[in-house]
Amino acid sequence: MKLHISTLITTILISLSLVSIVQSTQPPFSCDSSNPQTKSLKFCQTGLPISVRVLDLVSRLTLDEKISQLVNSAPAIPRLGIPAYEWWSESLHGVGSAGKGIFFNGSIAGATSFPQVILTAATFDENLWYRIGQVIGVEARGVYNAGQAIGMTFWAPNINIFRDPRWGRGQETPGEDPIMTGKYAIRYVRGVQGDSFNGGQLKKGHLQASACCKHFTAYDLDQWKNLDRFSFNAVVTPQDMADTFQPPFQDCIQKAQASGIMCSYNSVNGIPSCANYNLLTKTARQQWGFHGYITSDCDAVQVMHDNHRYGNTPEDSTAFALKAGMDIDCGDYLKKYTKSAVMKKKVSQVHIDRALHNLFSIRMRLGLFNGDPRKQLYGNISPSQVCAPQHQQLALEAARNGIVLLKNTGKLLPLSKAKTNSLAVIGHNANNAYILRGNYDGPPCKYIEILKALVGYAKSVQYQQGCNAANCTFANIDQAVNIARNADYVVLVMGLDQTQEREQFDRDDLVLPGQQENLINSVAKAAKKPVILVILSGGPVDISFAKYNPKIGSILWAGYPGEAGGIALAEIIFGEHNPGGKLPVTWYPQAFVKIPMTDMRMRPDPKTGYPGRTYRFYKGPKVYEFGYGLSYTTYSYGFHSATPNTIQLNQLLSVKTVENSDSIRYTSVDEIGSDNCEKAKFSAHVSVENSGEMDGKHPVLLFVKQDKARNGSPIKQLVGFQSVSLKAGENSQLVFEISPCEHLSSANEDGLMMIEEGSRYLVVGDAEHPINIMI
């Protein structure tokens, strides 16, 4: 069809006025209200429901235009004034540079870099998690408002269970407990998206930024021996799926109201996650009520065809993904093969339109089709709020409260600034600020090396790198010993970095690499006094040698503590802050590496000697337990008499009960029903006293345990946690709400959540409180 030149020029001018072209100072947007043409487009009419607007927009697209929008780098549609959009941005522990949607090449050169998630998790502080999410969401919008973003969808948090200590990406997760991981997802997502702490306050569904929970599901192996994540088939029992792998994602969808989820590379029980209709549609959308978009992990659809051999042709794999409920392909596979899949009648435009409805709904909820964003809900978030002083202070607070004191023999720590004339600092991790960031990071606002942070605390500080690198293939032991021998105190800053654990790289061993142990022991032997050992790592490390060496007086685990980590460590070592972090994962001995990473079973198998996994099921030796962490002060705990001893579920409305082979009565949570589950809730009243001499803040962890775990039920289960600040000698009363349906149930072999009658114990520290469940 021919167009007159004048008509063509008019069309171009209208298109340019409908869409704001990305400039360095102005974000991209559609539907400019100053242009009269906008009023004729129903999808630009903000007074209409988003579902109506999206329906209108999708109806205007050609098939080729539709297909172009099914990939992460969605091109512009100039004739409708729709700008290009990038779905892939990262914000794991701060607005990151790993994706394609954020640019730190303008007036904003960095963003607040919080500790890697595993260390933030060690605070067990839901309020802190929420505030971190808030800062990330605000800074993301600030970067967008500065014109340095072409996307506002962030692919975080990572809420996979840290099932195996060798996993390179365990550092990205909140740890090994599903209830805790779910709570982290809730607080982080609500903060990022602009919701309130308790949820339900998103204004008409508008999003400050979009959060995406990943990787759905049972993904926790990257590259182990000759097997990689692209071809791994995770064989998971219904029991483990129900009470370990799925609960965090259910919380993310139902309670956090996340606007995105990502399907993982791996297969689960023979079906690639991104082709699993039961997972993506039946479970996420129909059972849990998910109303966001589903993205593949990058190139996962191609992986489905090339590695999993799921689909004879590329068109088959493309069709499987779209029909399963996946909406967008991170990659270009759908761009290449969707049209031929339609032509071959392997997939219909109905599935494409569904995907586009989900995708454009999110962009509209972000306000990107509402005209000039500077005049919209989040338009007042100034770029100056990125790296705001209060944000950087929060990063310091997170590092301070996450660092875990693992050993402190003879109260070696804290050191006295007045009495420390000379300090020897040794270790490859002491003078490298980049190591503090972890992975999926972005340029920080500012940073300081651990060595430089320590310099101001002693009159004389000497440094020796010790190891050539984290792998420590060479260690300059003689020079390290020489400076240690002459110093009042020695701080060794050792451990791992991203060369030892990362995406697509799982560890083979749990011990420190190379000659690190030899270096540490040699320095400790030569030093005048017991030394201080600082371990940087994401995953657990078997440091049994240090735990039992009397010449190593104190051990601190600092994860990857972010931009303020150096300051936080110096403050803790010299007593300006009292550590209170608790380990969010079990630290296993080196012998655990005999267990194949591919064995997904959580429960132990006494017949074969398989020990199980995580503190909930593992029956084997530990270096340090989940929830372990010391303080410079001492805390004592007790249960108040108001905590009930008997929970009478038998007094609820008619409940069907069954007796098992051990003559133990039990009932299913489904049989009890949501109303009765609500009625069954009770409170545990816990007293906490700081009986030491130093003010402190620490998390109080409440567990439930059984004398004898039956039918695969957990040995112990975290049911609640609260962070409390107490002055020396001060006490406080905490109240924990306990839901028998959630906290006292476990999955049976069919994946149904069941509650057994009988005795349990609520446990806080050394205090126990018996409760009896009557059915």
Could you give me the ³J(HN,Hα) list for the stretch 321-333, computed from phi with Karplus coefficients 6.51, -1.76, 1.60 and θ = phi - 60°, whole Hz, x at Gly and Pro?
5, 5, 6, 6, x, 6, 9, 9, 9, 6, x, 10, 5
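Quick one: putting +1 on the C-beta of Lys and Arg, -1 on the C-beta of Asp and Glu, what dipole do you get for the stretch 524-620 around its Cα centre, in Debye to the nearest 20? Could you put the intermediate results ahead of the total?
Details: 13 positive and 6 negative charges, 116 e Å.
For this selection, approximately 560 debye.
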Cα gyration tensor shape of the stretch 527-577, rounded if a/c is under 1.5, else prolate or oblate by comparing a/b with b/c
oblate
Pairing the Cα long axis of helix 516-526 with the longest principal axis of the chain, what angle in degrees results, from 0 to 90 and rounded to the nearest 10?
30
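Which value, in debye to the nearest 20, gives the size of the charge dipole of the chain about its Cα centre, when Lys and Arg are +1 and Asp and Glu are -1 at the Cβ?
Values: 74 positive and 68 negative charges, 221 e Å.
Computed about the Cα centre, the dipole is about 1060 debye.
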So how far, in whole Å, is the C-alpha centre of the stretch 62-114 from the one of the stretch 374-442?
29
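Relative to the Cα centre, what is the charge dipole magnitude of the stretch 59-110, using +1 at the beta carbon of each Lys and Arg, -1 at the beta carbon of each Asp and Glu, and rounding to the nearest 20 debye?
On the way: 4 positive and 4 negative charges, 31 e Å.
So the dipole magnitude of the stretch 59-110 works out to roughly 140 debye.
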Just to be sure I understand: of the beta bridges DSSP finds with both ends in the chain, what percent are antiparallel, rounded to 5?
60
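Just to verify a number: FRET efficiency for A109 and N772, C-beta to C-beta distance, R0 = 60 Å, to 0.05? Write down the numbers at each step before the final one.
Values: r = 60 Å, r/R0 = 1.01.
Plugging the Cβ-Cβ distance into 1/(1 + (r/R0)^6) gives 0.50.
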Taking the 0 to 90 degree range and rounding to the nearest ten, how far is the long axis of helix 50-59 tilted relative to the main principal axis of the chain, both from C-alpha atoms?
50
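Hey, any idea what the orientation-averaged projected area of the convex hull of the chain's Cα atoms comes to, in nm²?
Numbers: hull surface 141.1 nm².
Mean projected area for the chain: 35.3 nm², to one decimal.
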Sorted list, accessible surface of protein heavy atoms, 1.4 Å probe, largest first, for R131, R374 is R374, R131
L48: accessible area at probe 1.4 Å, nearest 10 Å²?
60
Where in the stretch 594-616 is the amide nitrogen less than 11 Å from a point lying 7 Å along the Cα-to-Cβ axis of K225?
594-599
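Could you tell me what a quarter of the Cα convex hull surface of the stretch 427-522 works out to, in nm² with one decimal place? Display every interim value, and only then the final one.
Details: hull surface 28.1 nm².
Spelled out: convex hull of the Cα atoms, projected over all directions, averaged, 7.0 nm².
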Estimated inter-spin distance, Y277 and K100, nm [label 7 Å along Cα→Cβ]
3.0
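Sorting check: for 747-760, 623-636, 323-336, which peptide has the highest mean count of neighbouring beta carbons within 10 Å, and how do the rest follow? All intermediate terms of the calculation are to be shown ahead of the outcome.
Numbers: 747-760: 17.9, 623-636: 19.4, 323-336: 23.1.
Per-residue mean Cβ counts within 10 Å order the peptides as 323-336, 623-636, 747-760.
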Specify the angular offset, from 0 to 90 degrees and rounded to the nearest 10, of the alpha carbon long axis of helix 126-145 from the longest principal axis of the alpha carbons in the chain.
40
Span from the the stretch 750-764 Cα centroid across to the the stretch 285-313 one, whole angstrom:
35
Suppose the Debye formula is applied to equal point scatterers at every Cα of the stretch 704-750; what is log10 I(q)/I(0) at q = 0.19 Å⁻¹?
-0.73
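So what's the stretch 647-775 giving for Cα Rg divided by 2.2 N^0.38 Å, two decimals? Present the calculation step by step, with values, prior to reporting the outcome.
Details: Rg = 16.8 Å, N = 129, 2.2 N^0.38 = 13.9 Å.
Taking N as the residue count of the stretch 647-775, the ratio is 1.21.
What part of the accessible area of the stretch 673-733, given as a whole %, is carbon or sulfur when the probe is 1.4 angstrom?
Numbers: 1170 of 2790 Å².
C and S atoms contribute 42 percent here.
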Enumerate the residues in the stretch 484-510 having an amide nitrogen under 18 Å from the point lying 7 Å beyond the Cα of K417 toward its Cβ.
489
Might you work out the accessible area of F474 for me, using a 1.4 Å probe with all protein chains in place, and round it to the nearest 10 Å²?
120
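How much length is gained on full extension from E503 to Q287, taking 0.36 nm per residue of separation minus their Cα-Cα distance? Mind dumping the intermediate values first?
Details: separation 216, 0.36 × 216 = 77.76 nm, distance 3.13 nm.
Gain on extension, E503 to Q287, equals 74.6 nm.
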So the FRET efficiency between E65 and K345, C-beta based with R0 = 30 Å and rounded to 0.05, is 0.90
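The values are calculated or read from the model by the stated rules, or taken from the named source; none is laboratory data. If you're wondering where the values come from, they're calculated on a predicted model, not measured in any experiment. Note that each Cβ is placed from the backbone with ideal geometry, even for glycine, and that neighbours are counted across all protein chains shown. To get the accessible areas, we keep the full protein, side chains included, count just its heavy atoms, and leave off ligands, DNA and RNA. Shrake-Rupley method; radii C 1.70, N 1.55, O 1.52, S 1.80 Å.
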